[in-house]
Amino acid sequence: MQFKIQKASDIRPGPFTLSLFPCYLLPFTQLNPSLPVTVEGKGKGSAFAVIDYGEEYNLIWVVALDNNGEIWCSPNPKVRMRCNWTMGRKAPVANAAE
């Protein structure tokens, strides 16, 4: 199989794009060490990676949940750092209006 690309606009992402054109690698960053987080609606876990698709999208946190070991990709607005008294980060206070 032979590929002939005449200009950059001819490149279309597809199943073989990553192997043929490494410039299309996903913006995947492994976190070392992992971060203790809470995912709204899922529970506590450890974030071990972040995916950044660009400025028009939320960061995607890859989180392994503590209670059942499931791995979820959660958008940035749903992920919160856990409290850490040595860093001065207190537990969130429940809203009185709720």
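May I ask you to compute the full-extension gain from Asn68 to Thr29, defined as 0.36 nm times their residue separation minus their alpha-carbon distance, rounded to one decimal in nm? Walk me through the numbers on the way to the answer.
On the way: separation 39, 0.36 × 39 = 14.04 nm, distance 2.37 nm.
Taking 0.36 nm per residue and subtracting the Cα distance, the gain is 11.7 nm.
Neighbour counts of other C-beta atoms within 10 Å: give me Lys90, Lys42 arranged from fewest to most.
Lys90, Lys42
For segment 51-93, rounded, prolate or oblate, judged on the Cα gyration tensor with a ≥ b ≥ c (square roots of eigenvalues), a/c < 1.5 rounded, else prolate if a/b > b/c?
oblate
Roughly how many whole Å is it from the C-alpha centroid of segment 39-54 to that of segment 58-72?
5
We did not get these values from a lab; they are worked out from the coordinates using the rules stated. If you're wondering where the values come from, they're calculated on a predicted model, not measured in any experiment. No Cβ is skipped: glycine too gets one built from the backbone with ideal geometry, and neighbour counts run over all protein chains shown.
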